């Protein structure tokens, strides 16, 4: 573990040289760098349709004898059993579970299970009959864990712990090991009498029988398989503090701190009450019956922190405030609401990274928060792999760790997207209502799973506006926009000045990104003026007139569109040779008069040098007149039409425009009536 931390420290130092003046968000970086280095041994042969499932696990009962693992020579071998209760979703007579062959040896099955095979890391259990949808039954699996090091079950120096994300639970107990299937857990563990052992949920009892101690942990709330944990040690240290619930001050939540001799978690213990209150105010009250943190008691931990439900594991001596804030936020986003597929992992890690920034805002103010967000941008920009946050293939095939836990997209970009959502919604209370409403939705999300589209629908409902466009461009598209902007100040020589602003996105590796833009204009006298305009098409122009002389222009002054590069310069942007303004977008106006006899006219706008054709056709689609075919410079145009040679009736006029430099086309049709 020390080697792992040295690697992270070296990376932090190297990155700080590349991007001086930026302080990196320690917690998310440690989390990503450590998780991304986990070996990919979990990528095992199984169907590409694994997200489709024929049964729903309701409860696991684990009974484990790990007593010998705490004693020299600290073997990894133990015996155990799993009783799995499940509901049938599709008529079936067999079920499959995940269990890695090199780690787990199945000894027998029972209850509804009558026989089994165990090949290619899949346990296929034959049931005692065919079950139909809606039925509930149980299978019992007795097994042994081999004396192997498998990066999931760790022993040494009198300590034991597990680490299972994303799909390593299958290495220490048979299960359906996908994040979409959460279940309650009942865990009974046999250890030596001098061992303190923590796990998920509440401690139901601990019973001394002869020379052994039996811990019984029960989770009333469903857990995804990767967030199940055991952590214990001979003569482990344990402190417990109590947080009073906001909804019921007479009721309290125990927060347990397990730590090794020589460590000092006092700073985290001192801030934890305030942190629990703050996150409860922002996301809804702490959702579980207990919480806790444990520094791992044995060597080999490959993560800096792991957000096991109600008991986070940390690397030894890793009582770091930002890391703890990140992992603690996972109790809401990752544990209470779990990503439905690995394509939705940003709903775990992006949210926890953003919560880290919120804690900074709470402690040090908005400027410090924004500095943290800006730092996340530099992490993203410096390491962007060029793929979107949401990759639908990850829902089918679990990606390698270094892709799944990519610091640039999953963590940094995910958090920046939430900051920009806060900016788009403008009203901070609406933004937090969205997060709180999402987290508190017991019908769809709380204690369940979420996928990106469902999250989008929920925040759209709460915000009262369709935010699909926002998620689609920032989460489902790669990279970021590149703005090339110009502004122009024109003296009207009558005591007024005209300010023009032109924006163009020039990126080639991601589509145009619609966004509200904030613009700040300063003047020779008086206060600055701030505008907010919606940039919903490319090559857009705005004009304003003032009775004060403008002296400065700033695009996105607070850098709230944090995921971008931008260049804004003074220059001629929108005055045609005849002195008229260049339009911001293509358009075709309705003819006037209409009906007409025999003459009418219509306007059309061309914002860029374009090949333009305009024609008239009748109701059969036959072209009856070509009005124009040639090149138009940027400008506003008027076209006259003489219908002397046409019969009375309904006609259509149509414009086609293609920019000469490419990249933009325009087509529109209007109806008109000739009445003689």
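Out of all the residues in the stretch 548-584, which are at pLDDT 85 or above and assigned to a loop (DSSP other than H, G, I, E, B)?
Those that are at pLDDT 85 or above and assigned to a loop (DSSP other than H, G, I, E, B): 548, 549, 556, 557, 558, 559, 560, 561, 562, 563, 564, 571.
Have a look at 215, 242, 226 and point out the one that is touching a strand residue (DSSP E or B) at 6+ places or on another chain (Cβ under 8 Å), crowded, with 21+ Cβ neighbours inside 10 Å and not in a loop (DSSP other than H, G, I, E, B).
Values: 242 fails: crowded, with 21+ Cβ neighbours inside 10 Å; 226 fails: touching a strand residue (DSSP E or B) at 6+ places or on another chain (Cβ under 8 Å).
So the residue among 215, 242, 226 that is touching a strand residue (DSSP E or B) at 6+ places or on another chain (Cβ under 8 Å), crowded, with 21+ Cβ neighbours inside 10 Å and not in a loop (DSSP other than H, G, I, E, B) is 215.
Spot the failing condition for residue 630; the list is (1) assigned to a strand (DSSP E or B); (2) more than 47 Å from the chain's Cα centre (by Cα); (3) farther than 9 Å from residue 610 by Cα, and only one is missed.
Going through the list (1) assigned to a strand (DSSP E or B); (2) more than 47 Å from the chain's Cα centre (by Cα); (3) farther than 9 Å from residue 610 by Cα, residue 630 breaks only (3).
Results for (1) over 18 Å from the mean Cα position of the chain (by Cα); (2) at pLDDT 95 or above; (3) under 22 Å from residue 183 (Cα atoms); (4) buried (at least 17 other Cβ atoms within 10 Å of the Cβ), shown as yes or no for each residue.
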| position | (1), (2), (3), (4) |
| --- | --- |
| 452 | no, yes, yes, yes |
| 461 | yes, yes, no, no |
| 465 | yes, yes, no, no |
| 469 | no, yes, no, no |
| 488 | yes, no, no, yes |
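From the list 167, 138, which one is at pLDDT 95 or above and in a loop (DSSP other than H, G, I, E, B)?
Going through 167, 138 in turn, the sole match is 167.
How many residues does the stretch 603-635 contain that are buried (at least 16 other Cβ atoms within 10 Å of the Cβ) and closer than 14 Å to residue 590 by Cα?
Of the residues in the stretch 603-635, 4 are buried (at least 16 other Cβ atoms within 10 Å of the Cβ) and closer than 14 Å to residue 590 by Cα.
What's the number of the only condition in (1) under 26 Å from residue 74 (Cβ atoms); (2) out of contact with any helix residue (DSSP H, G or I) (no Cβ under 9 Å at 6 or more places or on another chain); (3) buried (at least 17 other Cβ atoms within 10 Å of the Cβ) that residue 312 fails to meet?
Answer for residue 312: the failing condition is (2).
Only one of 369, 377, 354, 390 is touching a helix residue (DSSP H, G or I) at 6+ places or on another chain (Cβ under 8 Å) and assigned to a loop (DSSP other than H, G, I, E, B); which?
The unique qualifying residue is 390.
Need the failing condition index for residue 100 against (1) in a loop (DSSP other than H, G, I, E, B); (2) more than 22 Å from residue 119 (Cα to Cα), just the number.
So residue 100 meets the others, but not (2).
I'm trying to understand the selection: among the residues of the stretch 521-547, which are over 30 Å from residue 633 (Cβ atoms) and not in a loop (DSSP other than H, G, I, E, B)?
Narrowing the stretch 521-547 to residues over 30 Å from residue 633 (Cβ atoms): 522-530, 532, 547.
Within the stretch 521-547, 522, 523, 529, 530, 532 meet the criteria.
The values are calculated or read from the model by the stated rules, or taken from the named source; none is laboratory data. Being a predicted model, the structure only gives us computed values, none of them experimental. We place every Cβ from the backbone using ideal geometry, glycine too, and count neighbours over all the protein chains shown.
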